[in-house]
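The values are calculated or read from the model by the stated rules, or taken from the named source; none is laboratory data. Please read all numbers here as calculations on a predicted model, not as lab measurements. FYI the Cβ positions are ideal-geometry reconstructions off the backbone, even for glycines, and counts take in every protein chain you see.
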Protein chains: 2
Amino acid sequence: MAATVAVENLNPKVLKCEYAVRGEIVIHAQHLQQQLQTQPGSLPFDEILYCNIGNPQSLGQQPVTFFREVLALCDHPCLLEKEETKSLFSADAISRAKQILSTIPGRATGAYSHSQGIKGLRDAIAAGIASRDGFPANADDIFVTDGASPGVHMMMQLLIRNEKDGILCPIPQYPLYSASIALHGGTLVPYYLDEKTGWGLEISDLKKQLEDARSKGIDVRALVVINPGNPTGQVLAEDNQCDIVRFCKNEGLILLADEVYQENIYVDDKKFNSFKKIARSVGYGEDDLPLVSFQSVSKGYYGECGKRGGYMEITGFSAPVREQIYKIASVNLCSNITGQILASLVMNPPKVGDESYAAYKAEKDGILQSLARRAKALEDAFNNLEGISCNKAEGAMYLFPQIHLPKKAIEAAKAANKAPDAFYALRLLESTGIVVVPGSGFGQVPGTWHIRCTILPQEDKIPAVITRFKAFHEAFMAEYRD
Amino acid sequence: MAATVAVENLNPKVLKCEYAVRGEIVIHAQHLQQQLQTQPGSLPFDEILYCNIGNPQSLGQQPVTFFREVLALCDHPCLLEKEETKSLFSADAISRAKQILSTIPGRATGAYSHSQGIKGLRDAIAAGIASRDGFPANADDIFVTDGASPGVHMMMQLLIRNEKDGILCPIPQYPLYSASIALHGGTLVPYYLDEKTGWGLEISDLKKQLEDARSKGIDVRALVVINPGNPTGQVLAEDNQCDIVRFCKNEGLILLADEVYQENIYVDDKKFNSFKKIARSVGYGEDDLPLVSFQSVSKGYYGECGKRGGYMEITGFSAPVREQIYKIASVNLCSNITGQILASLVMNPPKVGDESYAAYKAEKDGILQSLARRAKALEDAFNNLEGISCNKAEGAMYLFPQIHLPKKAIEAAKAANKAPDAFYALRLLESTGIVVVPGSGFGQVPGTWHIRCTILPQEDKIPAVITRFKAFHEAFMAEYRD
């Protein structure tokens, strides 16, 4: 009799799925970390530096005080009745917590909410979107989610019927998309971002890839755009975005807009424009374009990854389709209330005149300005190394330098049965404790090799990161230079 | 050209999925609630009473103070440095929060954790399981999840390859199982619980259904057992559980044990035994039986539905299969940290000698004793009504009375294009504001009709619930009596 449960009899879609951000190299890093604990001094470094994932607080970023004050008060509302609370919490955190609790039926932060999220919090999120975009937003269009990932899964589950359904995704892409498409049994239709033009998105390439897929019988359902880009860090120009929404309308594609890095922009000549704002600006209404915008509390200056909050704003879908989305959401009952509250806070932070505003603004600016400096320092460092070229991180939390690996390194990788960039990343880890993700986990033009490195180590550590990286890279090149 | 996105071109598995607990009747109730707000006095009742879902805090149950103190302190750790905190929080909540923070790398409650959950919290959960069962438990076997539902989905996603893969589920069942099986494209293989013997689980019926499914070419992968039962409220006897684990071993089935009501037992002659304890008691080790136990912070005396915490304990799976489970978990990064902390707290609550113990014990006992009284009062009330018979709620949070509907009512339902129990539940809602779920949402022996009603209205409301229900039922029977 076959084993009850074995890899051979698991869902092949699960087997096919890959997720490099927490893949082999990260698992190896966790083992090395354990080794450092049990046998200090046994490795050529004394800490693991996780630059593999956009997880700011794991590297020392502090949470925004106002947000945490409100969460603590909502978690333990009895505090609001105590006199001592006034000396421990800011006045506007207290009033915000009261206001939030007043919108929750029975003030019950321990109850399942409406499957789309608490209505009062969705109202705050919609107001924040409207204020950001200058176009109205509707609480009924908001589905609050445990971070952006469950929203992406929900849309893939809704749209993908079988392997003939395709989703256009950028290459390089954040592997949540390839993983989710694999898990739901669809086909990833790649379009390439152009590294030479700072990871530009060319409509002509989109068109070509779409037609190519269609000629193979693929029913292309949707276009994923990640803006600001992950892993590539580019911020799309407004006219490029206008072309993208026109392309989607003309081709009958749903636009899935990953906008989780909307607050992470580090250059003065670029700004974030939501695709909904762009669509409305070019005159498209609800009926012209089905559009989903994903947002998360994990990114931005807030970086609250562990709270698992986020939302998707769904416009341009018919009522019967929305009912199906609601049904999927309802099977999971609701997203966590702490994350829901936090999603409402990041879309409606303290305003000028609020007691917390000055402190909040200082924390926010401090984090964003520091991220900009770190991005620039790492970019410059990469560009100063032999055989590495690195585009500017205009936004998001990553650099995606190209490593021009010598032939000998590629052969050594082949001999070790590794992709060349994975070989490089593994050697980097073992020499320095720095964890990055090989470009092959995101996709890249065949024959090119990259790594994704976050800009998240705390600023005082950046010089040491650069020194360690430089020493490793120079030794690596010395070993393998053609 | 076909519409870009329309019900006709959605994933048929999504269309097939049903989830009655938040289905048509609940949506209708939400509309009536809005009507009560905008037009008070326009309906024959002045509030909607949601007895459709196990959501205690939505009906006024208060959270356990100790748990919320710890959550608030972990959400805003700065509090731990302030003198005033000592007068606002119990000493053991402060020390517990410090201990929890010390196990989180960088004390970062805002960081993604290990995809299985924070190791220190899994240690606490494993210790709680070991202390409950008297058999060892291992933190590496714990996957902390956003409530039990994502764990169930993960296992279905792992096991179901296509419609020839079957999962044995009780009928009646909690519709998460039917929904998840439908979403993943498998086949639900039903086995019937015997209403006459208090919703007994007969191995002979299990065997019959298994053989019947196999004769149709279904590869039956797993057996779902819900204990204590949902919607049926029975608590399995120990010898019955021993027979179930032997059956699974002999038949090569994975045992999926829904044990989320493990703290909800209301009769003196029954106690909760985890299936892992039973398996180890009959001498089965890791290699004998693949077993998954699901637990949630949403149920028990804690009832923290909105926090979305829980775990699954996975034993008896090979390392390569566990790697696949880890991979799926990692695509979603991690469950929310607040829920993770709470899952560790419910498995490791205050102990005798802790400052909070007396208050904690009083809150816990108060809730559980009140639930037992409410269960009994509602059970008696149902059994006193014409044409209703109701088994004892030995555990969980529900009664599942059978309504012997008159022929005329069944014909009226048919004329209204409703299932007879849905017709009854809709009439109940429209007359009284009481929301229950029709038995057809859970499955029932064909030709029998039930409703699921929670025992969760606060105790002071129970007499009014009974009065309203009785008046409705008598009028309904007067209208339709044969």
Residue ranges of helices (runs of 4 or more DSSP H) in the range A:62-127 with at least 2 members under 21 Å from B:Gly110 (Cα atoms): A:65-75, A:91-103
The range B:299-320: number of residues that are within 7 Å of chain A (Cβ to nearest Cβ), over 29 Å from B:Gly54 (Cα atoms) and out of contact with any helix residue (DSSP H, G or I) (no Cβ under 6 Å at 6 or more places or on another chain): 2
B:Ser389 within 14 Å of chain A (Cβ to nearest Cβ) and among the small types (Gly, Ala, Ser): no
In the range B:294-320, residue surrounded by the fewest Cβ atoms within 10 Å (Cβ to Cβ) [restricted to those that are touching a residue at least 12 places away in the same chain (Cβ under 8 Å) and assigned to a helix (DSSP H, G or I)]: B:Cys305
Within the range A:248-293, tally of residues that are among the small types (Gly, Ala, Ser) and either in a loop (DSSP other than H, G, I, E, B) or outside the structural domain of A:Met156 (by TED's automatic domain parsing) (or both): 4
Residue match in the range A:274-289 (condition: farther than 15 Å from A:Ala130 by Cα, touching a Cys at 6+ places or on another chain (Cβ under 7 Å) and away from chain B (no Cβ under 14 Å)): yes
Number of positions in the range B:345-376 that are free of Cβ contacts under 8 Å to residues at least 40 places away in the same chain, in a loop (DSSP other than H, G, I, E, B) and of a type outside the set (A, V, I, L, M, F, W, C): 2
Residue that is nearest to the other protein chains (Cβ to nearest Cβ), among those in the range A:128-174 that are part of a loop (DSSP other than H, G, I, E, B) and among the hydrophobic types (A, V, I, L, M, F, W, C): A:Ile160
Enumeration of residues in the range B:200-219 that are crowded, with 23+ Cβ neighbours inside 10 Å and either within 14 Å of chain A (Cβ to nearest Cβ) or over 17 Å from B:Gly252 (Cα atoms) (or both): B:Leu201
Selection status of B:Cys17, within 23 Å of the chain's Cα centre (by Cα) and at the interface with chain A (Cβ under 8 Å from one of its Cβ atoms): yes
Residues being in a loop (DSSP other than H, G, I, E, B) and surrounded by 21 or more Cβ atoms within 10 Å (Cβ to Cβ) - total across the range A:14-47: 2
Residue count, the range B:251-261 (criterion: away from chain A (no Cβ under 14 Å) and touching a residue at least 60 places away in the same chain (Cβ under 8 Å)): 2
Candidates B:Val235, B:Val245, B:Val224, filtered to the one that is modelled with pLDDT of 95 or more, part of a loop (DSSP other than H, G, I, E, B) and in the same structural domain as B:Gln295 (by TED's automatic domain parsing): B:Val235
Total residues in the range A:322-344, condition facing another protein chain (nearest Cβ under 9 Å) and without any contact (Cβ under 8 Å) to a residue 12 or more places away in the chain: 3
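Per-residue answers, yes or no, for (1) within 25 Å of A:Ile337 (Cβ to Cβ); (2) among the small types (Gly, Ala, Ser); (3) assigned by TED's automatic domain parsing to the domain that holds B:Ser296; (4) modelled with pLDDT of 95 or more:
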{"residue": "B:Pro40", "(1), (2), (3), (4)": "no, no, no, no"}
{"residue": "B:Tyr50", "(1), (2), (3), (4)": "yes, no, no, no"}
{"residue": "B:Ile53", "(1), (2), (3), (4)": "yes, no, no, no"}
{"residue": "B:Leu71", "(1), (2), (3), (4)": "yes, no, no, yes"}
{"residue": "B:His76", "(1), (2), (3), (4)": "yes, no, no, yes"}
{"residue": "B:Lys82", "(1), (2), (3), (4)": "no, no, no, no"}
{"residue": "B:Ala93", "(1), (2), (3), (4)": "yes, yes, no, yes"}
{"residue": "B:Ala97", "(1), (2), (3), (4)": "yes, yes, no, yes"}
Counted residues, the range A:434-462 - those being touching a residue at least 40 places away in the same chain (Cβ under 8 Å) and in a helix (DSSP H, G or I): 6
Residue match in the range A:279-296 (condition: modelled with pLDDT under 95 and within 29 Å of A:Asn55 (Cβ to Cβ)): no
Residue list for the range A:115-127, restricted to those being in contact with a helix residue (DSSP H, G or I) (Cβ under 8 Å, 6 or more places away or on another chain) and either hydrophobic (A, V, I, L, M, F, W, C) or more than 19 Å from A:Leu71 (Cα to Cα) (or both): A:Ser115, A:Gln116, A:Ile118, A:Leu121, A:Ala124, A:Ile125, A:Ala126
Condition met for A:Tyr50 (touching a strand residue (DSSP E or B) at 6+ places or on another chain (Cβ under 8 Å) and among the aromatic types (Phe, Trp, Tyr)): yes
Condition met for A:Ala396 (among the aliphatic types (A, V, I, L, M), over 28 Å from the mean Cα position of the chain (by Cα) and modelled with pLDDT of 95 or more): no
Residue match in the range B:368-379 (condition: outside the structural domain of B:Lys277 (by TED's automatic domain parsing), buried (at least 18 other Cβ atoms within 10 Å of the Cβ) and among the acidic types (Asp, Glu)): yes
The one condition in (1) at positive phi; (2) buried (at least 20 other Cβ atoms within 10 Å of the Cβ); (3) away from every other protein chain (no Cβ under 12 Å) that B:Leu193 fails to fulfil: (1)
Unmet criterion (only one of (1) surrounded by fewer than 20 Cβ atoms within 10 Å (Cβ to Cβ); (2) within 22 Å of A:Tyr360 (Cα to Cα); (3) facing chain B (nearest Cβ under 10 Å); (4) touching an Asp or Glu at 6+ places or on another chain (Cβ under 9 Å)) for A:Ile94: (3)
Residue within the range A:394-405 that is at negative phi and within 14 Å of chain B (Cβ to nearest Cβ) present: yes
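The rows are residues; the columns are (1) at the interface with chain A (Cβ under 10 Å from one of its Cβ atoms); (2) free of Cβ contacts under 8 Å to residues at least 24 places away in the same chain.
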{"site": "B:Glu8", "(1), (2)": "yes, yes"}
{"site": "B:Gln35", "(1), (2)": "no, yes"}
{"site": "B:Asp46", "(1), (2)": "no, no"}
{"site": "B:Asn55", "(1), (2)": "yes, no"}
{"site": "B:Pro63", "(1), (2)": "yes, no"}
{"site": "B:Glu69", "(1), (2)": "yes, no"}
